[in-house]
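For reference, the structure is listed below as structure tokens.
The values are calculated or read from the model by the stated rules, or taken from the named source; none is laboratory data. On a predicted model such as this, the values are computed, not experimentally measured, just so you know. Cβ placement follows ideal geometry from the backbone for every residue including glycine, while neighbour counts extend to all protein chains displayed. Quick note on the areas: whole protein, heavy atoms, side chains included, nothing else; ligands and nucleic acids left out. Shrake-Rupley method; radii C 1.70, N 1.55, O 1.52, S 1.80 Å.
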Amino acid sequence: MRPLPSELLRSFVVVAQTGSFTVASEQVSLSQSTVSQHIRRLEDLVGQPLFERDTRNVRLSPQGETLHRYAERILSLMDEAMTSLCGPPLNGTVRVGLPEDFASTRLTTALASFVQRNPEVELIISTGMSGDLFRELDEGRHDLVFAKRLSGSQRGTVVRTEPLYWCGSPTSPLNGGESIIPLAVHPEPSIARRRIFEALKAVNRPYRIAIVSSNVMVIQAAVMAGLGISAFAGYVIPEGLVRLDQGLPELGVLEYVIDRQPSVSQAALALEMVLTDAANEL
């Protein structure tokens, strides 16, 4: 029997209470597509339809009504346990920095769950490239940063390692035999960019920069359109892209770390634990 993840149950309960995926997404601070995905995953886990839908209404199915009674009790007990173990809800302001590509991962769900459990905490989230986030942390602009570093760096505490892969579209320029590799990369101080250049220079492989953007969606779109190739961590390879193995040098692994100020609030320490747990489940 598979466990029912709490983040799926929270989305389910709010949809049941509001009768709307749109309203529920606003209350749990997630996108509507993420809430819909949570419900689909939950239905797959229990093997039953949980809602009856028509063009205007979303209402619980008989199976959904049964699960709803249990889900409310489960979440109430979980919140009670957290309060008993960790004390009353935290308060204050926590400033956290994240790379942009983390916005589409389970970290988003973890952050939303943290805010729900601690409504008195003001969470300020900044996104950017890892190198910039580390610099801003040193400048005192963040309380903690969840970011990427190359193997060998001493920044932060490692919470996850992930291989870096060359990726392109099915119509990648390399499939046409182009000898000079066109690249779609972030500007400096991108860690993935630096690793790409180091790997290509180490084997004397010629390349040209086709697209430069600080926006991960622009990079993905450029690669999808076949304008160049790029590198993505294994767990965030965009749908529609393929891994490339045509004699390209290995890119090694990225280390995902949490780094923070020497002295931070209890709210920041609690968030650090939440992010560490979520990283291990990506």
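Before moving on, here are some points about what is shown:
- Residue in the stretch 262-273 that is open to solvent by 70 Å² or more (accessible area, probe 1.4 Å), part of a loop (DSSP other than H, G, I, E, B) and within 19 Å of residue 139 (Cα to Cα) present: yes
- Of residues in the stretch 111-132 being touching an Asp or Glu at 6+ places or on another chain (Cβ under 8 Å) and assigned to a strand (DSSP E or B), the one least open to solvent (accessible area, probe 1.4 Å): 126
- From 155, 193, 135, 160, residue being at pLDDT 90 or above and buried (at least 17 other Cβ atoms within 10 Å of the Cβ): 193
- Within the stretch 1-30, tally of residues that are hydrophobic (A, V, I, L, M, F, W, C), assigned to a helix (DSSP H, G or I) and either surrounded by fewer than 20 Cβ atoms within 10 Å (Cβ to Cβ) or within 23 Å of the chain's Cα centre (by Cα) (or both): 9
- Any hit, the stretch 36-58, residues being modelled with pLDDT under 90, in contact with a Phe, Trp or Tyr (Cβ under 7 Å, 6 or more places away or on another chain) and part of a strand (DSSP E or B): yes
- Scanning the stretch 246-261 for residues that are open to solvent by 70 Å² or more (accessible area, probe 1.4 Å) and farther than 28 Å from residue 182 by Cβ gives a single hit, 260.
- Within the option set 63, 48, 37, being under 27 Å from the mean Cα position of the chain (by Cα), open to solvent by 30 Å² or more (accessible area, probe 1.4 Å) and either farther than 20 Å from residue 119 by Cβ or touching a residue at least 24 places away in the same chain (Cβ under 8 Å) (or both) holds for one residue only, 37.
- In the set 189, 249, 238, only one residue is part of a loop (DSSP other than H, G, I, E, B) and touching a Cys at 6+ places or on another chain (Cβ under 9 Å); that residue is 238.
- Pairing each residue of the stretch 129-145 that is farther than 18 Å from residue 273 by Cβ with any residue that is hydroxyl-bearing (Ser, Thr, Tyr) and outside any helix (DSSP H, G or I), provided the two are 6+ apart or on different chains, yields C-beta distances under 6 Å for 129/190.
- Checklist (1) open to solvent by less than 70 Å² (accessible area, probe 1.4 Å); (2) in a loop (DSSP other than H, G, I, E, B); (3) under 18 Å from residue 148 (Cα atoms) applied to residue 214, failing item: (1)
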